[in-house]
Amino acid sequence: MDYGKILEEIFLKIQPYSKEGRQATYIPALANVNPDRFGMCLCTIDGEDYCVESADVRFSVQSISKVFALAMCLSLRGESLWERVGKEPSGTAFNSLVQLEVEKGIPRNPFMNAGAMVLADILLSSLDNPEEEFLSFVRALCGSDSICYNREVAMSERETGFLNAAIANLLKYHATVENDVERVLDFYFTMCSLEMSCRELAKAFLPFANHRDGFAYSGFMLTSSQVKRMNAVMQTCGFYDEAGEFSYLVGLPGKSGVGGGIAAIYPLRYSVAVWSPRLNGKGNSVMGMKALELLTTETKESIF
Ligand code: GLU
């Protein structure tokens, strides 16, 4: 398969959508990003990389970080993790409070903000230096020692994150989180502020594509069965309130973030990451989704 040529063609084909959607501005620091950037990188499990445009420019991965936090928590807690957080699609916005109230403080899944705060809480309770260990884990996954948190983005979200503060307080009220609310929020916003390029994200997702082997990075191990289950959660819950649409159009497990990134995998073949900051109404990158839809259509490679 000539992925390099296919990616170049996709970039040309998605140009009509280049002004569709709007970048996230509810995190003030994200409003400074040039909305016209686009990058894409595909890494095969045979060790080939194929990149187009700004594939080496780092951006705010935001909710894609939740995948890494889930991997660490699964490694630490195994199946008992699911007593604290569900694994069903939510059908509500990523920052919705309604469901959390009705369901008595147990988040529907680990990729909603509430669920990721439970992951943050577990890491805070289990690790001596959670910020450092999270960063070391992702650095080991992507093979790059220079990826970092962006303090300005984390602070900016901290100052305006009133809805996330409400979620954290509701979790604390229901005793779903153990740690201090402010500490949980700080760590959650810090994880979201991680910056990576498409190439680094694709590399970090490659172990999930290669699920038959399981993996061990930086002291965190997942069995092949756990990796398979993580991919299932990505498939059903990875795209906000649009996981069904993403399955329908693209057909790959993955995760998106409001920074405009999407990382996805085709099991036993490749991982792919795409970045374009303009989002649709559900919070997914317009060009990113279009590019991935074209990728699975042109290659006839999807899990369906
Ligand atoms: N830090 C963002 C928030 O909590 C993450 C949202 C996302 O990327 O889905 O709103």
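Brief remarks follow.
- Some residue of the stretch 11-19 being open to solvent by 10 Å² or more (accessible area, probe 1.4 Å) and in a loop (DSSP other than H, G, I, E, B): yes
- Among the residues making up the stretch 141-158, a single one is in contact (Cβ under 8 Å) with a residue 24 or more places away in the chain, among the acidic types (Asp, Glu) and more than 11 Å from the ligand (Cβ to nearest atom): Glu152.
- Residue count, the stretch 90-136 (criterion: touching a Lys or Arg at 6+ places or on another chain (Cβ under 7 Å) and either basic (Lys, Arg) or over 19 Å from Asn179 (Cα atoms) (or both)): 4
Residue-wise test of (1) touching a Lys or Arg at 6+ places or on another chain (Cβ under 8 Å); (2) more than 16 Å from the ligand (Cβ to nearest atom); (3) free of Cβ contacts under 8 Å to residues at least 24 places away in the same chain; (4) under 18 Å from Gly115 (Cβ atoms).
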position: Ser218; (1), (2), (3), (4): yes, yes, no, no
position: Ser225; (1), (2), (3), (4): no, yes, yes, no
position: Tyr240; (1), (2), (3), (4): yes, no, no, yes
position: Gly244; (1), (2), (3), (4): no, yes, no, no
position: Leu249; (1), (2), (3), (4): no, yes, no, no
position: Leu252; (1), (2), (3), (4): no, yes, no, no
position: Ser256; (1), (2), (3), (4): no, no, no, yes
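- Filtered by the rule that a residue be touching a Phe, Trp or Tyr at 6+ places or on another chain (Cβ under 7 Å) and either assigned to a helix (DSSP H, G or I) or open to solvent by 10 Å² or more (accessible area, probe 1.4 Å) (or both), the stretch 175-193 gives Thr190, Met191.
- For the stretch 182-216, filtering for residues that are modelled with pLDDT under 95 and either of a type in the set (D, E, K, R) or within 16 Å of the ligand (Cβ to nearest atom) (or both) leaves 2.
- Of everything in the stretch 273-304 that is of a type in the set (Lys, Arg) and under 24 Å from Ser90 (Cα atoms), the residue that is nearest to the ligand (Cβ to nearest atom) is Lys282.
The values are calculated or read from the model by the stated rules, or taken from the named source; none is laboratory data. Note that the coordinates shown come from a computational prediction; the quantities given were computed from them, not determined experimentally. Methodologically, a virtual Cβ is constructed for each residue, glycine included, from the backbone with ideal geometry; neighbour enumeration extends over all protein chains shown. We work out accessible area using only protein heavy atoms, side chains counted, and drop any ligands, DNA or RNA first. Shrake-Rupley method; radii C 1.70, N 1.55, O 1.52, S 1.80 Å.
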